[in-house]
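To keep things clear, I will list the structure first and then write my remarks on it.
Readers should treat all values here as calculations from the given coordinates under stated rules, not as data from a laboratory. Nothing here was measured: the structure is a model prediction, and the numbers come from that model. Positions of Cβ are generated from backbone atoms using ideal geometry, with glycine treated the same way; all protein chains shown enter the neighbour counts.
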Amino acid sequence: MMLRALMFVMALAVFSPSPSFAVEPDEILSDPALEARARELGKSLRCVVCQNQPIDESNADLARDMRILVRDRISSGDTNEQVLAYMVDRYGDFVLLDPPFKASTLVLWIGPGVIAVFGMFAVVSFYRRNKSNDDATAVAANPQTAPLSDDERKRLDALLKDDDA
């Protein structure tokens, strides 16, 4: 029993996701305070290659260049806001993992909701259409459940009257 628990814990450790920090040793700044600022900024900037990953975690070459650029700007005395403004000027609002809400970023903010609504509408209409098609197909495939025509209804009434007599 103890062996199973140990194997379970080992499997969990092996297969559980762990964050990947792509910052390489040659990128790290010698001043810990500046490095902490660079890491914080790296977590708020999007890798434009990976698109859903901060540059601090991305292994892409462009992300490495962006990390070095951030560290260069910090080393030269720029504030966090100045570094972010520089990156936005260079790569656009998309580079921010939390872009500001304005007309040019409206698609980034509203797009996912619109896509979700259209997706739900498509799923609901697909199931409604298939349900009505399934009912019509079932009636056509099984003539015993099809409604009687006028001639069939008259014949059935005549047969039932004969049984009553």
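For Ala11 and Tyr91, the FRET efficiency from 1/(1 + (r/R0)^6), where r spans their Cβ atoms and R0 equals 35 Å, is about 0.30.
For a quick protection proxy, order the peptides 8-15, 102-109, 71-78, 41-48 by their average other-Cβ count within 10 Å, most packed first.
Packing order, densest peptide first, comes out as 41-48, 71-78, 102-109, 8-15.
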